[in-house]
Amino acid sequence: MRCLLRAALACLVLLLGSALPGAFAAQPAPLAVDQLPPAAQLEATELGRVWLDPAGTATFEQVLRRGGMDFTPGQPDRIHALGERGQLWMHWRLVRNRDDAESWELVFPMPTLDAVTVYQQNDKGQWIARTAGDSLAVSAWPAPGRYPHFRLDLPPGQVRDVYARIQHLTPANFPVELLSDTAYDDRIQVEYLGLGMAFGALLLLVAACVAQARLYRDSVYAWYAAYAVITSLCVAAYTGAAAHLLWPRFALLGDAPQSMLALLAGGAAMLFVRNLIGLAGRYRLQDQLVRAAGLAGIVLAVAYPFMAKPAGVAMVGVYVAGATFVNLWVAWAAWRRGDVVGAWVLAAFVPLCLAVVITMMRVFGWLPVFFATQYAVVVAMAIEVPLLLVALTIRSRERHGAQIRELALSTQDALTGLLAAHLFHDRLQQVVARYRRHRDNSAIVFIDLVNYPAIKARFGTAVAEQSLLRSVIKLRRLLRDADTVSRIGEARFGLILEGELSRIAVTERAARLIAAGLMPLKGLKPEVTLQFHIGAVLLEERTAEPEDLMDALNDLLAGMSPRTRRPIRFLDPEHTRPVSLEPDSSILGSDSGLPAAAAESVPAAAPVRTASVP
């Protein structure tokens, strides 16, 4: 009999032991929130229990009726693949002591979370459901913010159950945190401070680019400003700041703006880098492919809201990753051929490439959600945008330098850097006109390098051009900054010397030039001397049209013998002759109105200047 009682008692113990785990699972011990550190950020997933509903058919009432038998302890790093229909249920039992004055928040720090619904009981015992997520307008959330957060209704001394239902397309571990109001407010302030600094720097770069585009009339800066604006909007949408602050009431497209802006940012990045690197100059086919891929980003962004979400998310991931690697290849190809701009673009896109890889691995469930996987793209873009601005500045300087050199070719002689001949003619016209108005004297001097043809025939073009450069150096040593010097022929130079000049002053300068040309440069091989012939005219001695002065000086130099002993010559001054006035002159005829007797008393007229032929 005793043996039967012992056996029955053993069976009863085994039955109770098998039933206890289910009972404990159904009624877990409540968590006293007031015993948690008030300023801490605690992972709430491991403090509660979870249940995955792959079919997504369970309602909240069914979950309550089941008594929580299917819930298991939560694991913070466990990744759940919910798909389009799956649901992840979470459950906490919480209690707050009567002397605890702190309020508590249940925070889901994931701005891209599709939807989360939190169920709590009110004072009457009724279950109240509140939903938030990026598929809803932020204005419809119970508490607006960058990511969902819910105020916990915990009356002092009462145990309350809190349920959460998560719906999200891509795999994730869905972090949940339990924070006091103080800790949550401090955290939000720090987060917005960091984001504000990043967005402020981006907007400052945009404003600077717009100003430079208007100041320098350079459209490249305007394109970069547009790219920076799109990138800033993409980062703002990705971090939840845009939905919270820019379009809190917009819910027509759901969470599509994030993916649409990501597509636009990828396409804009390819188009901008293609233009910055100048891909068309070396790889024409690749340039057309990159251009087509960049424009495809605009088309895909428009088409994204009409696509099935799983296919759309996969397409966004592939396109953004492809755009990043294309930019990386373009920059690497430019850097390999020695382009410093390519090095800066490569430095800008390497961190972004790593961040995009990390983000894609998180989106597809290969990495858990935490700070590095969520905000790596933000940090990478904060690094990329300034580096691209440096690359743009270098490229802009190169392009402006080329434009300046191109402009200089139209205003300066390509070999000597002297003033172009047509500008010398314009300057001569101004000097002659000013002399006629204000009698400001000037000297016009033409200089021939007489032995230039002989140097070219004997030593070649290189030595002949070197002789011209040496002539320019010797000329500049004798001139003032106000004097004008130009190359007006193959081996002929034109000078305009302004001021109170005389033949002696001009002759002195010309003699010094001739003497300097006859002194060969020390160490020069071959030893080449420079022989100059100089023709000049003073405007106070001879006033004529600029074309006539130039023709007269050209004729003067052409008439000099190569071995002349007078290498410095001046145009003859204009001669004067008196005009005779006879009584029967036609001047005093019937048209004059003077009687013939009075003609004898008319004084002789002033001398009249007449031009002489040189």
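Worth a mention:
- Scan of the stretch 368-383 for residues that are touching a residue at least 40 places away in the same chain (Cβ under 8 Å) and more than 21 Å from the chain's Cα centre (by Cα), ordered by number: PRO368, VAL369, PHE370, GLN374, TYR375
- Residue match in the stretch 498-506 (condition: surrounded by fewer than 13 Cβ atoms within 10 Å (Cβ to Cβ) and under 23 Å from LEU423 (Cα atoms)): yes
- Taking the criterion of being modelled with pLDDT of 90 or more and not in a helix (DSSP H, G or I), the residues of the stretch 287-339 that qualify are MET307, ALA308.
The rows are residues; the columns are (1) β-branched (Val, Ile, Thr); (2) at pLDDT 90 or above; (3) under 21 Å from ASP440 (Cβ atoms).
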{"position": "LEU479", "(1), (2), (3)": "no, no, yes"}
{"position": "ASP483", "(1), (2), (3)": "no, no, yes"}
{"position": "ALA491", "(1), (2), (3)": "no, yes, no"}
{"position": "ILE496", "(1), (2), (3)": "yes, yes, yes"}
{"position": "GLU500", "(1), (2), (3)": "no, no, yes"}
{"position": "ILE504", "(1), (2), (3)": "yes, yes, yes"}
{"position": "ALA511", "(1), (2), (3)": "no, yes, no"}
{"position": "LEU521", "(1), (2), (3)": "no, no, no"}
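- Just one of (1) over 21 Å from ALA380 (Cα atoms); (2) in a helix (DSSP H, G or I); (3) more than 23 Å from the chain's Cα centre (by Cα); (4) not aromatic (Phe, Trp, Tyr) fails for ASN275. It is (3).
- Condition met for PHE325 (outside the structural domain of PRO142 (by TED's automatic domain parsing), under 23 Å from ALA382 (Cβ atoms), among the aromatic types (Phe, Trp, Tyr) and in contact with a Phe, Trp or Tyr (Cβ under 7 Å, 6 or more places away or on another chain)): no
- Pick from the stretch 344-367, criterion farther than 30 Å from LEU113 by Cα and surrounded by 18 or more Cβ atoms within 10 Å (Cβ to Cβ), ranking: farthest from the chain's Cα centre (by Cα): LEU346
- Pair list, Cβ under 8 Å, 6 or more apart: the stretch 130-143 residue closer than 12 Å to ALA251 by Cβ and in contact (Cβ under 8 Å) with a residue 12 or more places away in the chain, other residue hydroxyl-bearing (Ser, Thr, Tyr) and surrounded by 18 or more Cβ atoms within 10 Å (Cβ to Cβ): ASP134/THR112
- Only listed residue being part of a loop (DSSP other than H, G, I, E, B) and at pLDDT below 90, chosen from ALA29, ALA23: ALA29
- Considering the conditions (1) part of a helix (DSSP H, G or I); (2) at pLDDT 85 or above, VAL369 is excluded by exactly one of them, (1).
- For the stretch 562-576, the candidate set comprises residues that are out of contact with any Lys or Arg (no Cβ under 9 Å at 6 or more places or on another chain) and at pLDDT below 90; within that set, the residue that is surrounded by the fewest Cβ atoms within 10 Å (Cβ to Cβ) is ARG565.
- Any strands (runs of 3 or more DSSP E) falling wholly within the stretch 93-146 and containing at least 3 residues that are surrounded by fewer than 22 Cβ atoms within 10 Å (Cβ to Cβ): 115-121, 127-132
- Residue selected from the stretch 65-91 under the condition outside any loop (DSSP other than H, G, I, E, B) and in contact (Cβ under 8 Å) with a residue 60 or more places away in the chain, by the criterion farthest from LEU169 (Cα to Cα): HIS91
- Condition check for GLU527 on (1) in contact with a Phe, Trp or Tyr (Cβ under 7 Å, 6 or more places away or on another chain); (2) surrounded by fewer than 20 Cβ atoms within 10 Å (Cβ to Cβ): one failure, at (1).
- All of ARG436, ARG487 fail the test of being of a type in the set (Lys, Arg), surrounded by 15 or more Cβ atoms within 10 Å (Cβ to Cβ), within 25 Å of ASP555 (Cα to Cα) and in the same structural domain as ALA515 (by TED's automatic domain parsing), apart from ARG487.
- Checked against the criteria, LEU246 counts as of a type outside the set (Lys, Arg), at pLDDT 90 or above and surrounded by fewer than 19 Cβ atoms within 10 Å (Cβ to Cβ).
Quick grid of which residues meet (1) surrounded by fewer than 16 Cβ atoms within 10 Å (Cβ to Cβ); (2) touching a Leu at 6+ places or on another chain (Cβ under 8 Å):
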| site | (1), (2) |
| --- | --- |
| ALA236 | no, yes |
| ASP255 | no, no |
| LEU261 | no, yes |
| GLN286 | no, yes |
| ALA292 | yes, no |
| ALA311 | yes, no |
| VAL320 | no, yes |
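- Taking the listed residues PHE424, PHE446, PHE459, the one that is of a type outside the set (A, V, I, L, M), touching a helix residue (DSSP H, G or I) at 6+ places or on another chain (Cβ under 6 Å) and surrounded by 13 or more Cβ atoms within 10 Å (Cβ to Cβ) is PHE446, with no other qualifying.
Yes or no, residue by residue, for (1) assigned to a helix (DSSP H, G or I); (2) farther than 25 Å from LEU300 by Cβ; (3) touching a Lys or Arg at 6+ places or on another chain (Cβ under 7 Å):
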| site | (1), (2), (3) |
| --- | --- |
| VAL210 | yes, yes, no |
| LEU215 | yes, yes, no |
| SER232 | yes, no, no |
| TRP247 | no, no, no |
| GLN258 | yes, no, no |
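- All conditions but one from (1) without any contact (Cβ under 8 Å) to a residue 60 or more places away in the chain; (2) assigned to a loop (DSSP other than H, G, I, E, B); (3) in contact with a Pro (Cβ under 9 Å, 6 or more places away or on another chain) apply to PRO573; the one that does not is (3).
- Residue match in the stretch 161-180 (condition: more than 25 Å from PHE71 (Cα to Cα) and either assigned by TED's automatic domain parsing to the domain that holds ALA55 or not hydroxyl-bearing (Ser, Thr, Tyr) (or both)): yes
The values are calculated or read from the model by the stated rules, or taken from the named source; none is laboratory data. These numbers come from a predicted model, not from an experiment. Glycine gets a Cβ as well: all are built from the backbone with ideal geometry, and neighbour counts include every protein chain shown.
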